[in-house]
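The next block holds one structure in the form of C-alpha cells; read it before the comments.
Here, each number is a calculation from the coordinates, and none is a lab measurement. Keep in mind the model is a prediction, meaning the values are calculated, not measured. Heads up, the Cβs are rebuilt from the backbone with ideal geometry, glycines too, and the neighbour counts pull from every protein chain shown.
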C-alpha cells in the first residue's frame, strides 16, 4: 500500500496521455474544437492536490509541450503555472462548491489560459487572436464533468487496491 | 519570462530545448508508431499486381526524367560557356538530404510540421526545406533529433522571390492559406499564371527554386500597391518527405545578377570588377558595367 506514490505515478501518466492527445493527428475541424487537454488535467490535479508542488509539475509539462509544439520555450509553461496557481489558491473552497459552479470556474480558468497564450503570441510574433480560438472552451465544458468523474473513479480504485 | 525572452532573442535557451527534446522524442515516436505499423502492414498486404503497376509507372517516370536530363546536358554546357565568358563563379551544387515528416499535429496558430532530423544531423535554423514540387519553408525550431519546419504560408513567414517571367523581385508573405505579394507598385507587370521563384537574397534560400503560381491580382484599397495571391506548388497539407539543402559556397547568387544589367549586343562593355565575387551580399547594385 503505497498510495501517494501510486497517485503520483497516475498523475504523470494522465498528463502524458493529455500531451499525446494534443499531438495526435486529428482532422482540421476536430482540431478547432479540441480542448487543451494538458490544461484540463493540470486544473484537475491542482484542484485535487491543493498543493504548490503541482505547480512545478505544471511548469515541467508546459516546457515539454513547448518543445513538442515548437512554440516559444516557456509559453505553455507560463500559462499552465498561472492556471495551476489560480486553482491551487482557491482549491479548498472550490472542492465544496456545486457541480455547476465548479464547471463555471474551470471555464474561467481555461479562458484565462487562452488569453495568456494569445498575449504571448501577440508579443512574440504579432498574432491576431480569432474568435475560433475560443471554441475549445465549448468542448472543454462538455469534457470536464466526464474527465473529473473518470479521474475520481480511477483514484478511488487505486486507493482501494 | 526570462526564458521566453532569451529564447526569442538568441539561442541561450537552446541547451534546455535540447535536453527536453530527449524526453519529447519518445512521445513523438509513440504518436508515429501506429502510422508506421499501418504503412508496413499496407506494404505487406498490397497485392503483387498493384506493385507491378506501380513499378511500371515509376519506370515510365524514370524514363521521362532521364530524357529531360539529357536535354539539360546541352543547356548546362551552354550555361557554363556563357558563365566562363563573364568570368563569373559557378553555382556550386547543393548538398541535400531527405527527411520524413512526422504525423504530428501542431497548434493551429502556426503552420509547422515536425521532421525526423535535427541538429544531430547537421540542420541549422533558417535552413531551406523543399520537396519535389517546390519550396516548403524553413527550419524554425531545432531539437536534437527532430526539427520544426515553418511553412511558407505561415503568417510570420516571408521569403524573397522573383517573378520568373519578368525578373521583378519582391518579398512574398504567408497569409495562413496562400502566399501574398503586397509590396509591388501599381505599374508592376504581373499576370495570373506567373511563376514565382526564390531570388536568393538574404542567403537563406538558394536562387531559382520554384515556389508558387500567381492566382489573383488586385490593387490595394488606397491604390498605392498592387497585391497578388499565389498558390504554392507544394501540397503543404500532404507532406510525407522533404528535402533539406545545404548551400556549399557562399557566392551562390551574386554574379548571376549581371544578366539583368547588361545590354544585349554590347559584349565588350561587360567587364566584371575583380571583386565581384566578394560583394555577393548585395549582389545587384554594386556590379558596374564599366562604361569608361
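The figures follow:
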item	result
Quotient of Cα Rg and 2.2 N^0.38 Å for chain A, N being how many residues it contains	1.02
Burial ordering of A:66, B:121, fewest other beta-carbon atoms within 10 Å first	B:121, A:66
Share of Cα-Cα pairs in region B:94-251 lying beyond 23 Å, as whole percent	36
Per-residue mean of C-beta atoms belonging to partner chains within 10 Å, peptide B:137-148	2
Per-residue average of Cβ from other chains inside 10 Å of A:28-40	1
Relative contact order (%) - chain A, alpha-carbon pairs under 8 angstrom, separation at least six	26
Ordering of B:19-25, A:153-159 by packing [mean C-beta count within 10 Å, highest first]	B:19-25, A:153-159
Sorted by Cβ density within 10 Å, fewest first, the residues B:140, A:5, B:222	B:222, A:5, B:140
Where labels lie 7 Å past Cα in the beta-carbon direction, separation of residue B:243 and residue A:142 in nm	4.5
Alpha carbon centroid spacing (whole Å) that separates region B:111-181 from region A:1-64	32
Exposure proxy ranking, count of Cβ atoms within 10 Å, fewest first, for A:83, B:63	B:63, A:83
Gain upon complete extension [residue B:97, residue B:56; 0.36 nm per residue less C-alpha separation]	12.1 nm
